[in-house]
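Below: one structure, written as structure tokens.
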Amino acid sequence: MPKFLILFILCFSAEVWLFFFLGAHIGPLTCVLLTIASCALGVVLFRFQGFRMLAVAQKTISNGSLPLGPVISGLGILLAGILLTLPGFFTDSIGLIFLIPKARLFFVKLLLSGQTKQAMSFFGFQRASYSDVDSGPIIDGVYRDTDKKPEQSRDIDKVQPRD
């Protein structure tokens with residue numbers, strides 16, 4: 001939680017600094033109007049790309065495969081929409097970066113790779129190494145349990161009774 005708090009404080013500080021800096025250079029009214037315009041533009045772009053991603057996901061499902069890529073990209077679009085609707089130039093610029101498909105894919109992969117490793121370690125999963133595997137021979141074959149009666153056998157083939 002401290003990382004999130006530090007990130008929030010840094011983001012808020014950047015927003016305040018940008019408001020004062022741009023307000024001093026372009027005027028406070030222009031600064032407020034640009035903030036409102038960027039929020040409106042963000043909502044329009046978020047809606048357009050969201051519907052486009054939904055159509056891609058539906059097409060992927062109709063082709064018979066899982067829409068993992070569109071869902072992950074949709075998460076990036078959702079994050080972009082949230083950032084674009086927040087007032088401020090810093091969050092708007094990050095939100096616009098997330099609307100670029102290549103940048104969105106890069107950042108989503110970056111975020112998910114760290115989260116996946118943390119989640120796997122939290123639940124106690126470890127990556128298997130070759131030293132964990134017994135180095136004996138691997139034998140592939142089919143077996144038949146002859147100790148059981150034929151009606152209790154689970155073989156695919158019919159078991160012939162013994163004479």
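The values are calculated or read from the model by the stated rules, or taken from the named source; none is laboratory data. Only a predicted model underlies this, so the values are computations on that prediction, with no experimental measurement involved. We place every Cβ from the backbone using ideal geometry, glycine too, and count neighbours over all the protein chains shown.
Things worth noting here:
- Evaluation of Phe106 against the conditions (1) touching a helix residue (DSSP H, G or I) at 6+ places or on another chain (Cβ under 6 Å); (2) at pLDDT 80 or above shows that the sole unmet condition is (1).
- Selected residue (only one of Phe89, Phe107 is under 17 Å from the mean Cα position of the chain (by Cα) and within 30 Å of Val16 (Cα to Cα)): Phe107
- Test set (1) in contact with a Cys (Cβ under 8 Å, 6 or more places away or on another chain); (2) farther than 21 Å from Thr85 by Cα - Gly23 fails condition number: (2)
- Residue within the range 135-150 that is within 30 Å of Phe19 (Cα to Cα), among the basic types (Lys, Arg), out of contact with any Leu (no Cβ under 7 Å at 6 or more places or on another chain) and modelled with pLDDT of 65 or more present: no
Residue-wise test of (1) in a helix (DSSP H, G or I); (2) free of Cβ contacts under 8 Å to residues at least 24 places away in the same chain; (3) more than 29 Å from the chain's Cα centre (by Cα); (4) more than 13 Å from Phe89 (Cα to Cα).
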{"residue": "Lys3", "(1), (2), (3), (4)": "yes, yes, no, yes"}
{"residue": "Ile6", "(1), (2), (3), (4)": "yes, yes, no, yes"}
{"residue": "Ser13", "(1), (2), (3), (4)": "yes, yes, no, no"}
{"residue": "Val16", "(1), (2), (3), (4)": "yes, yes, yes, no"}
{"residue": "Ala24", "(1), (2), (3), (4)": "yes, yes, yes, yes"}
{"residue": "Val32", "(1), (2), (3), (4)": "yes, yes, yes, no"}
{"residue": "Val56", "(1), (2), (3), (4)": "yes, yes, no, yes"}
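Listed here are the residues, each with its yes/no results for (1) free of Cβ contacts under 8 Å to residues at least 24 places away in the same chain; (2) among the basic types (Lys, Arg); (3) assigned to a loop (DSSP other than H, G, I, E, B); (4) surrounded by 12 or more Cβ atoms within 10 Å (Cβ to Cβ).
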{"site": "Ile9", "(1), (2), (3), (4)": "yes, no, no, no"}
{"site": "Thr35", "(1), (2), (3), (4)": "no, no, no, yes"}
{"site": "Leu41", "(1), (2), (3), (4)": "no, no, no, yes"}
{"site": "Phe48", "(1), (2), (3), (4)": "yes, no, no, yes"}
{"site": "Thr60", "(1), (2), (3), (4)": "yes, no, no, yes"}
{"site": "Val71", "(1), (2), (3), (4)": "yes, no, no, yes"}
{"site": "Pro87", "(1), (2), (3), (4)": "no, no, yes, yes"}
{"site": "Leu105", "(1), (2), (3), (4)": "no, no, no, yes"}
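- Residue under evaluation Ile94, criteria (1) part of a helix (DSSP H, G or I); (2) at pLDDT below 85, criterion not met: (2)
- Tally, over the range 13-60, of residues that are among the hydrophobic types (A, V, I, L, M, F, W, C) and within 20 Å of Pro101 (Cβ to Cβ): 12
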